[in-house]
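Since the structure comes first, as structure tokens, the remarks are kept for the end.
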Amino acid sequence: MASSAREVDVSFWLWVATVVFGVLSTLLLLVNFEAMRTLALDVVRQADPSVETAAAEDVVTLGLIIGLAIGVVFIVAQLVLALLMRKGHNWARVVLTVPTVLSVLLLLSLPTSTGLNRATAIVQNLLMVTATCFMFLPAANPWFQKHSG
């Protein structure tokens, strides 16, 4: 492997680790679904004590299910984009930057996670940020220039 590809390879494997943590986070959410649902309902009730309980439960449950579905799509997309980035597609590394930024912002704005879920999210975000940094190291640029032709 060429020296300029080493950074890309490290980034790729960090993305794979991110995907593994994404799967772990999804499984944790499934296992802790009721606890997360209760926590989210508490947040809703604090924001608006007059909200109807049945309606709030339905909305929170639907929101968690939609969140799980989006998470699975997100995990698959990250893996596909990491593979494309590793093949030298510059646009893939740019696209991978977007979920990194969004994920960090989401982590900072949602303090409602439970302990293990939050710890997993923090590790996953650290992996994403590190993978993103490796993709954009100056030594990685020749790899993308070489494959952009």
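The values are calculated or read from the model by the stated rules, or taken from the named source; none is laboratory data. Quick caveat, the model's predicted, so the values are computed rather than measured. Virtual Cβ from ideal backbone geometry, glycine too; neighbours counted across all protein chains shown.
Would you say residue 50 is surrounded by 12 or more Cβ atoms within 10 Å (Cβ to Cβ) and not β-branched (Val, Ile, Thr)? Taking the combined requirement at face value, the residue does not satisfy it. Every condition in (1) of a type in the set (Val, Ile, Thr); (2) under 17 Å from residue 96 (Cβ atoms); (3) surrounded by fewer than 17 Cβ atoms within 10 Å (Cβ to Cβ) is met by residue 8 except one, and the failing one is (3). Residue count for the stretch 11-47, restricted to those that are surrounded by fewer than 17 Cβ atoms within 10 Å (Cβ to Cβ) and of a type in the set (Phe, Trp, Tyr): 2. The single condition among (1) under 30 Å from residue 140 (Cβ atoms); (2) among the hydrophobic types (A, V, I, L, M, F, W, C); (3) modelled with pLDDT of 85 or more that residue 1 does not satisfy is (3). Within the stretch 62-75, is even one residue more than 26 Å from residue 100 (Cβ to Cβ), out of contact with any strand residue (DSSP E or B) (no Cβ under 8 Å at 6 or more places or on another chain) and either modelled with pLDDT of 85 or more or surrounded by 16 or more Cβ atoms within 10 Å (Cβ to Cβ) (or both)? Yes, the stretch 62-75 contains at least one residue that is more than 26 Å from residue 100 (Cβ to Cβ), out of contact with any strand residue (DSSP E or B) (no Cβ under 8 Å at 6 or more places or on another chain) and either modelled with pLDDT of 85 or more or surrounded by 16 or more Cβ atoms within 10 Å (Cβ to Cβ) (or both). When the residues of the stretch 130-149 are filtered to those that are outside any helix (DSSP H, G or I) and under 13 Å from residue 92 (Cα atoms), the one that is modelled with the lowest pLDDT is 148.
Counting only helices (runs of 4 or more DSSP H) that sit completely within the stretch 13-129, those holding 3 or more residues that are within 14 Å of the chain's Cα centre (by Cα) correspond to 53-86, 90-109.
State which residue pairs qualify: first residue free of Cβ contacts under 8 Å to residues at least 60 places away in the same chain and under 16 Å from residue 76 (Cβ atoms) and inside the stretch 14-34, second residue small (Gly, Ala, Ser) and surrounded by fewer than 17 Cβ atoms within 10 Å (Cβ to Cβ) in any location, beta carbons under 9 Å apart, and separation of 6 or more residues or different chains. Note: pairs meeting the criteria are 26/71.
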